[in-house]
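Participant: Take a look at the following structure, please.
The values are calculated or read from the model by the stated rules, or taken from the named source; none is laboratory data. Just so it is clear, the structure is predicted and the values come from calculations on it, not from any experiment. Using ideal geometry, Cβ is built from the backbone for each residue, glycine included, and neighbour counts are taken over all protein chains shown.
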Amino acid sequence: MNKQTIELYRKRLLKMRENILNKAKKLKEDSYNLGTDGIQDMADAASNTYNADILMSISDNDLTILKDIDNSLDKLNKGTYGICEECEEKISEKRLEANPVARYCITCKRQMEEKGL
Ligand SMILES: [Zn+2]
């Protein structure tokens with residue numbers, strides 16, 4: 001995978017990450033706007049607790065994707081992105097294009113699905 005392609009995927013992954021975080025942030029803001037009781041004063045919320053709050057409003061599904069994105073970004077840095085974690089063969093570009101966070105090649109993925117993993 002050349003440098004240009006790597007940067008392309010890095011951008012896509014960062015964008016996906018941003019979308020999830022923005023969605024969570026918006027959900028959080030909406031819940032503040034509803035003005036239900038028991039919600040702490042915004043001014044009291046330190047920035048780090050705010051981040052924890054945002055993470056808590058992310059759905060389990062999005063959290064899984066977020067982890068996959070971080071995992072993929074990590075692999076981009078290590079130079080192992082696009083390589084199947086199971087058989088270490090290259091994952092096809094087509095598959096990566098459809099799913100940039102794919103961890104396994106289509107063959108391994110199918111085998112796992114057959115085994116119910
Ligand atoms: Zn594989």
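Participant: Only one of 61, 2, 19, 51 is modelled with pLDDT under 70 and not acidic (Asp, Glu). Can you tell me which?
Facilitator: Step by step, each of 61, 2, 19, 51 is checked, and only 51 is modelled with pLDDT under 70 and not acidic (Asp, Glu).
Participant: In the range 1-18, what residues are hydrophobic (A, V, I, L, M, F, W, C) and surrounded by fewer than 14 Cβ atoms within 10 Å (Cβ to Cβ)? Let's see the steps before the verdict.
Facilitator: Residues of the range 1-18 hydrophobic (A, V, I, L, M, F, W, C): 1, 6, 8, 13-14, 16.
Passing the criteria: only 14.
Participant: Select from the range 86-117 the residues that are under 17 Å from the mean Cα position of the chain (by Cα) and part of a loop (DSSP other than H, G, I, E, B) and list them in ascending order.
Facilitator: Across the range 86-117, the qualifying residues are 99, 100, 101, 102, 103, 104.
Participant: Can you pull out the residues in the range 71-97 that are more than 16 Å from the ligand (Cβ to nearest atom), within 13 Å of residue 13 (Cα to Cα) and without any contact (Cβ under 8 Å) to a residue 12 or more places away in the chain?
Facilitator: Result: 74, 77, 97.
Participant: Do we have any residue at all in the range 103-110 that's more than 14 Å from the ligand (Cβ to nearest atom) and of a type in the set (D, E, K, R)?
Facilitator: Checked against the condition, which is being more than 14 Å from the ligand (Cβ to nearest atom) and of a type in the set (D, E, K, R), the range 103-110 yields no hits at all.
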